[in-house]
Amino acid sequence: MNLVHVRLQLPQGTAQFAGVKQVFLRHVAPGGAVEHISAHPGSGGELTMGFWVNGVTVVESERIAYAVAQRVLEAEPALSRARITSCSSALVPPVFDEMVRSTGDPGRYMRWTDAEGGEG
């Protein structure tokens, strides 16, 4: 399962609304790869939608999440003036660790030190 964040910028004066998650869910293909959606309002009109996508590659997960978000912006009058600012997978620790391990670079596993020179 992959977590994809689609970040939106809402136009100035657009109110964040409680049912935004359900709006996005209406545009998910029935029986498709999207398992769950979460909504995370930010400041300044930012809105991050989290898509949990199952059974496909990271790249395909990003494509699916972007397509759902684009459908929402095209079909929903309340979000028609919003724009997608980014769409990317969130790396989860086991995946990231395996990526680093496969490069042969042991730097990921070094201990951090604090500003005073002690170990962290």
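The values are calculated or read from the model by the stated rules, or taken from the named source; none is laboratory data. Because the structure is a prediction, the values reported are computed rather than measured. Counting neighbours? That spans all protein chains shown, and the Cβs are built from the backbone with ideal geometry, glycine included. Please note that ligands, DNA and RNA were not included when accessible areas were found on the heavy atoms of the full protein model with its side chains. Shrake-Rupley method; radii C 1.70, N 1.55, O 1.52, S 1.80 Å.
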| query | Of all residues in segment 11-40, which are under 18 Å from Ala78 (Cβ atoms), open to solvent by less than 90 Å² (accessible area, probe 1.4 Å) and outside any loop (DSSP other than H, G, I, E, B)? | reply | Val20, Lys21, Val23, Phe24, Leu25, Ile37, Ala39
| query | Does Glu119 satisfy the criteria of being more than 29 Å from Gly13 (Cα to Cα), surrounded by fewer than 11 Cβ atoms within 10 Å (Cβ to Cβ), at pLDDT below 65 and among the acidic types (Asp, Glu)? | reply | yes
| Going through segment 41-89 one residue at a time, which ones are among the polar types (S, T, N, Q) and in a loop (DSSP other than H, G, I, E, B)? | Ser43, Asn54, Thr57, Ser80
| note | Condition set in contact (Cβ under 8 Å) with a residue 40 or more places away in the chain and over 20 Å from Leu10 (Cβ atoms), scope segment 65-92, selection surrounded by the most Cβ atoms within 10 Å (Cβ to Cβ): answer is Ser89
| Can you tell me which residues in segment 41-55 are modelled with pLDDT of 95 or more and either buried (at least 18 other Cβ atoms within 10 Å of the Cβ) or over 16 Å from the mean Cα position of the chain (by Cα) (or both)? | Met49, Phe51
